[in-house]
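The values are calculated or read from the model by the stated rules, or taken from the named source; none is laboratory data. Nothing here was measured: the structure is a model prediction, and the numbers come from that model. In this analysis, Cβ positions are derived from the backbone assuming ideal geometry, glycine residues included, and neighbour counts consider all displayed protein chains. Ligands, DNA and RNA are stripped out before the accessible areas are found, and what is left, the full protein with its side chains, is counted by its heavy atoms. Shrake-Rupley method; radii C 1.70, N 1.55, O 1.52, S 1.80 Å.
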Amino acid sequence: MGCRKDEIFATSGLQFPLIKFLDPPKKPIRNHFAFLCSIVASLSSILVGYDIGVMSGAAIYIQQDFNISDVQVEILVGIISLYSIIGAIVAGITSDWLGRRYTIVLSAALFFFGAIFKGFAPNYHFLMFGRFVTGVAVGSASLIASVYTAELAPTSSRGCLYTFPEVFVNVGILIGYVSNFAFSKLPTSLGWRFMLGLGIIPSMFLGIVVILIMPESPRWLVIQGRINEAKQVLIRTSDSIEESLQRLADIKTVVGIPTSYDDDVVQVPKQSTHGSGVWKELFLHPTPAVLHILTTAVGVNFFVEATGMNVVVSYSPRIFEKAGISSSDHKLLTTMGVGITKTVFVLIATVLFDRIGRRPLLLTSIAGKTISLIVLGVGMTIIEKSEEKNTWVVALCVAMVLTDVSFYSIGMGPMCYVISEIFPLKLRSQGVSVAMITNRIMDSIVGMTFLSLYTAITIGGAFFLYGAFGVVGFIFFYVVLPETRGMELEELEGLFGKFLWKFSNNNHNDINKGGWK
């Protein structure tokens, strides 16, 4: 059939006509509104990343200003991950009761007040209170960004949009490093306050933009019985009208609403609302599929942190000092190189997650990270045992740090957010909350023990330990993680519960054949 410009109009019960060309475009259409909403939701991750990055340099000046010990620095840097557990729990509740959208606004408000408290802190204890408020915001923002993106994104670009929170975490880390360098020339008692207080600007911007632009998650709207609102959001965030209607039908089926019910507002079965009975389904009476999903999500978040990325990001100036870089400016500039490298490679991951798939990227990521950690441990050991400064070993250690963050950013980092797609709708908020709590506990353990650990077993030994976790993590990922690329969220539960698959990407053709083939 030749190309025609005729258009077919239909209403299908919607508030505006559907427009469909007889000949589809040669290239797949990408939904720009979904793209915009995912960016806005992920802006909270800039604040998460900024706090991580800025503390790596600010801690040096805080230690000088307040005359605190290394142990107090460890606690100051690492305890925010423990505080963020509270935020993850709170966000898991508020995202079901208030909605995903207002939970993002809440996290922005917490970031705002946390930045004020830290910037004006008169002493170490008040600074720790500011860290507490920021920690709750970090946990809330980390959870809700992935949940919202999972529920809004169309299937064709879900992997790409999932990586946005990690992209913006890395952008935030880079901005934090730049802030360290920019304010390092100010008097000690003033510089770190500007570094930490600068967070009020993006937090104000985030709250305003979310209120003005972002719609509510369509899946949350269906759970509330607000069918017409969900339909309009799905139309705006799907690649086609047909896809939006199919997504709506799938969500209604999962929630327990007959697909024939098309009223603007419907009564939702009680057991499907507000996560009722979710904890029983997750822990007390999980199906084999749910148990497999929970194991996978918890395991991914465990090994992502157990392999020491928090150490490389939060203590990079100290690592470079141990490697033989003595100049403060050179340490901060090299640390900025870490931020730039992380940002570049996570941008590459945004393209690859929907083209190559989750599983190959994750396996490549942890394999490369493990090798770089082992080589970094060798280099640090040589430096510690050598009486002379070997330039080539210093260069090797710097290269391995950059290699480590490169491999992390191309797979493991984004996967913390992508993993939210595997939970069924009813279990998603609380399931992601459990995974995020695991992430935060491990992040705090690693961050709060690094200085003591390398004192006890040498800095080279610390990196060997992180590398050992990488080896175990590779085996875990190889065994438990199926490929989920190109599948609707409502279909993914069928991949889990059986370990009878062969390792390829053609899983979606064989879901109903007794396992992932």
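For region 155-241, list the helices (runs of 4 or more DSSP H) that sit wholly inside it and hold at least 1 residues that are more than 23 Å from Leu110 (Cβ to Cβ), in contact (Cβ under 8 Å) with a residue 24 or more places away in the chain and not assigned by the TED database to the domain that holds Val77; which are they?
218-223, 227-237
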Selected residue (only one of Ile383, Ile410, Ile419 is under 27 Å from the mean Cα position of the chain (by Cα) and at pLDDT 85 or above): Ile410
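Name the residue that is surrounded by the most Cβ atoms within 10 Å (Cβ to Cβ), counting only residues in region 9-60 that are at pLDDT 50 or above and out of contact with any helix residue (DSSP H, G or I) (no Cβ under 8 Å at 6 or more places or on another chain).
Here the residue is Ile29.
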Any hit, region 230-244, residues being at pLDDT below 90, within 20 Å of the chain's Cα centre (by Cα) and open to solvent by less than 10 Å² (accessible area, probe 1.4 Å): no
Pair list, Cβ < 9 Å and 6+ apart or interchain, from region 381-393 residues that are under 20 Å from Leu465 (Cα atoms) to residues that are surrounded by 13 or more Cβ atoms within 10 Å (Cβ to Cβ) and charged (D, E, K, R): Ile383/Lys322; Glu384/Lys322
Options Leu196, Leu152; residue that is open to solvent by less than 20 Å² (accessible area, probe 1.4 Å) and more than 20 Å from the chain's Cα centre (by Cα): Leu196
Among (1) under 28 Å from Met415 (Cα atoms); (2) among the small types (Gly, Ala, Ser); (3) modelled with pLDDT under 90 - the single one Ser184 does not satisfy: (1)
Of all residues in region 94-103 being modelled with pLDDT of 85 or more and part of a helix (DSSP H, G or I), the one that is nearest to Leu127 (Cα to Cα): Thr103
Residue under evaluation Ala456, criteria (1) within 30 Å of Ala289 (Cβ to Cβ); (2) modelled with pLDDT of 90 or more, criterion not met: (1)
Helices (runs of 4 or more DSSP H) within region 316-412 that include 2 or more residues open to solvent by 10 Å² or more (accessible area, probe 1.4 Å) and not basic (Lys, Arg): 328-355, 358-385, 391-407
Flag if Val147 is closer than 25 Å to Val351 by Cβ, among the aliphatic types (A, V, I, L, M) and in a helix (DSSP H, G or I): yes
Residue match in region 416-439 (condition: farther than 25 Å from Leu291 by Cβ, open to solvent by 10 Å² or more (accessible area, probe 1.4 Å) and touching a residue at least 24 places away in the same chain (Cβ under 8 Å)): no
Candidate set from region 61-91 (those that are of a type outside the set (A, V, I, L, M, F, W, C), outside any loop (DSSP other than H, G, I, E, B) and without any contact (Cβ under 8 Å) to a residue 60 or more places away in the chain); member that is least open to solvent (accessible area, probe 1.4 Å): Gly87
Residues (surrounded by fewer than 23 Cβ atoms within 10 Å (Cβ to Cβ) and either without any contact (Cβ under 8 Å) to a residue 60 or more places away in the chain or assigned to a helix (DSSP H, G or I) (or both)) located in region 440-459: Ile441, Met442, Ile445, Met448, Thr449, Leu451, Ser452, Leu453, Tyr454, Thr455, Ala456, Ile457
Unique match (being assigned by the TED database to the domain that holds Ser44 and free of Cβ contacts under 8 Å to residues at least 60 places away in the same chain) among Phe111, Phe129: Phe129
